[in-house]
Amino acid sequence: MATSLTALGSIHHTTAFRSPVCAVEQVRGYYVNWKMLRDVKRRKMAFEYADERLRINALRKNTILPKELQEVADKEIADLPRDSCPVRIRNRCVMTSRPRGVKKKWRLSRIVFRHLSDHNQMSGIQRAMW
Amino acid sequence: MCCDGCVTCVSARHCRPLYAFAMYRRVFLSLSHFQQPVVFPQDACIYSPKCISAATPRIFRAAAPCGYRGLSTGSVLCSEIKDEPPPLKTKEKAQEERAEETSPQTGRSGKEKLLALLGDMKVQVTTKRRARPMAAAPGPVQKRPEPRPGEMESTISMFQEATAAGGKRDTLNPALVAAASAAAASLPDGSRVESELLQQLRKHEAVVQAQAGQRADGRTLGNIIANMKVGRRGHPNQQGARRALDDDEDDGAAQRHAQARGVGGGPDGERKRRSQLTGKRLNIFSKTAGQDAVAAPTLTLWDLELANAIAAAVKAVPRNGFEEMIQWTKEGKLWRYPIDNEAGLEEEAHVPFHEHVFLERHLEDGFPKRGPVRHFMELVVLGLAKNPYVTVNQKVQHIAWFRDYFRAKEDILSEAGALQN
């Protein structure tokens, strides 16, 4: 189980992602679209740099340390790769990669959610009637 | 008729006489062949246990007792069916070694003597009960000349009176003689019949008295049996198996069967087991046989690693959803069920709490003892102390990172005046 100081959950590991050991492979996988793939990359990178970002931010966001140090820290965090920041992560639908209308608990867009629950594939989901 | 091979039994009442006859026939055949009565499953209505329990006791009751003259073809047969001589013979074998020691004979074994005694015995058909024990197995029945039915009552009563008086004398009982003469008088050839009768009586008396009284060699059945000791061979299993054949004789067969077996438990079972274990050594194996025994092979980490490597190489495509889930769990994609909050933190459970809370000791080296840096670091340590979700190593690494960072930025800190104590 991967542990990190941030609240990021474990990122999905796919067989299609490039591993650091072997050579560059053709990126051919099972993601719905390239956007989804990029989102996956961002998530991975955010996981890698999470600890460092937290520490540098701790230096930056306090009133005790001298401002010179904090300015240096600002520069350092800006030099980190852009995809390492968690802000760039978008909670897309897992099935359709839809960026909007996604319920976080199920990681599904509203359309897929409705489709599955109508076919009784969602545990504990029932049509509301009152 | 249910003898067409069908399994279902019409009714017990209807069945009994029909296949009781069939069973009788089979018993006859088997008896004639000197075998144990075997019930073949081909016989009709044997499958239903009701029929079996109803009919078989009848059959065996008919077959076993030797008083049933229709079925008993000989004393030997009857005894075989009853299964008495086999245990008796084992007893005799055990005693023949001891009997020979106790009372030396003229070259004959105790078993032979006993058999001779039993063979010589004759049945005395009287209503009077003798004081001495009589023969167990009846010999060939002595047939008396039956008087005519007309004089039956009187002659029988005369005979009874005569025998009741006792026959311990060598000479014939005068009452017997009178009865014989009375019986002979009723017949046409009176004198010859009387003489023949008296001869028979004398013979019989002689035999009976010889059997009842002391024999020439001083050994009677009573003496032999009294001298016999019960030999404990320790074959409870064999005896239990033999006893099982007599089960159907009684109505309480199941109880006796269970009792005989002892259900393998309790003190009887232990005694049986002990008696089986303690016995004569067979000396089949030599003592050095077990010394070269190889120690049980244990799995090493290398073996496990090899097994894992083989499994990884031959990673088969999951055949079903279960195997897929198993694969994902092994990879770490799927959590283990039931959900454990501390799934990957087994070692952390052994770490004591004070190492989590009291982290100021890590601030002793590498950090200034005063100033804003120290202030900052104390706050960091305070935050870490309140964090139960991180391991101690991670906390230490956290502090170490800051140490390295402040060391790298020393010039900026000193320029800013943070390092002045």
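The values are calculated or read from the model by the stated rules, or taken from the named source; none is laboratory data. Remember, it's a predicted structure, so these values are computed and weren't measured experimentally. When we count neighbours, we look across all protein chains shown, and the Cβ atoms used for this are built from the backbone with ideal geometry, even at glycine.
Confirm whether A:Ile89 is without any contact (Cβ under 8 Å) to a residue 40 or more places away in the chain and either more than 14 Å from chain B (Cβ to nearest Cβ) or aliphatic (A, V, I, L, M) (or both). Criteria not met by A:Ile89. Picking from residues in segment A:45-67 that are more than 8 Å from chain B (Cβ to nearest Cβ) and polar (S, T, N, Q), the one that is farthest from A:Ile89 (Cα to Cα) is A:Thr63.
Number of residues in segment B:399-416 that are of a type in the set (Gly, Ala, Ser) and facing chain A (nearest Cβ under 7 Å) equals 1.
Of the listed requirements (1) touching a residue at least 40 places away in the same chain (Cβ under 8 Å); (2) within 30 Å of A:Gln70 (Cα to Cα); (3) in a helix (DSSP H, G or I); (4) out of contact with any His (no Cβ under 8 Å at 6 or more places or on another chain), B:Ile399 misses just one: (4).
Looking at B:Glu364, is it more than 14 Å from chain A (Cβ to nearest Cβ), touching a helix residue (DSSP H, G or I) at 6+ places or on another chain (Cβ under 6 Å) and acidic (Asp, Glu)?
Numbers: more than 14 Å from chain A (Cβ to nearest Cβ): yes; touching a helix residue (DSSP H, G or I) at 6+ places or on another chain (Cβ under 6 Å): no; acidic (Asp, Glu): yes.
Spelling it out, it is not the case that B:Glu364 is more than 14 Å from chain A (Cβ to nearest Cβ), touching a helix residue (DSSP H, G or I) at 6+ places or on another chain (Cβ under 6 Å) and acidic (Asp, Glu).
B:Gln394 - would you say it is within 10 Å of chain A (Cβ to nearest Cβ) and closer than 24 Å to A:Arg60 by Cβ?
Details: within 10 Å of chain A (Cβ to nearest Cβ): yes; closer than 24 Å to A:Arg60 by Cβ: yes.
It is true that B:Gln394 is within 10 Å of chain A (Cβ to nearest Cβ) and closer than 24 Å to A:Arg60 by Cβ.
Which of the residues that make up segment B:373-391 are surrounded by 14 or more Cβ atoms within 10 Å (Cβ to Cβ) and away from every other protein chain (no Cβ under 11 Å)? The answer is B:Val381, B:Ala385.
Tell me, yes or no, whether segment B:321-328 has at least one residue that is of a type in the set (D, E, K, R), more than 25 Å from B:Gly344 (Cβ to Cβ) and out of contact with any strand residue (DSSP E or B) (no Cβ under 8 Å at 6 or more places or on another chain). No, the conditions are met nowhere in segment B:321-328.
Every condition in (1) more than 14 Å from chain A (Cβ to nearest Cβ); (2) at pLDDT 90 or above; (3) more than 30 Å from B:Gly417 (Cα to Cα) holds for B:Asp268 except the one numbered (2).
Residues that are farther than 30 Å from B:Asp404 by Cβ: list the helices (runs of 4 or more DSSP H) wholly contained in segment A:31-130 that include at least 2 such residues. Give the derivation first.
Working: elements: A:34-48, A:50-60, A:67-79, A:110-118.
Fully inside segment A:31-130 and qualifying: A:34-48, A:110-118.
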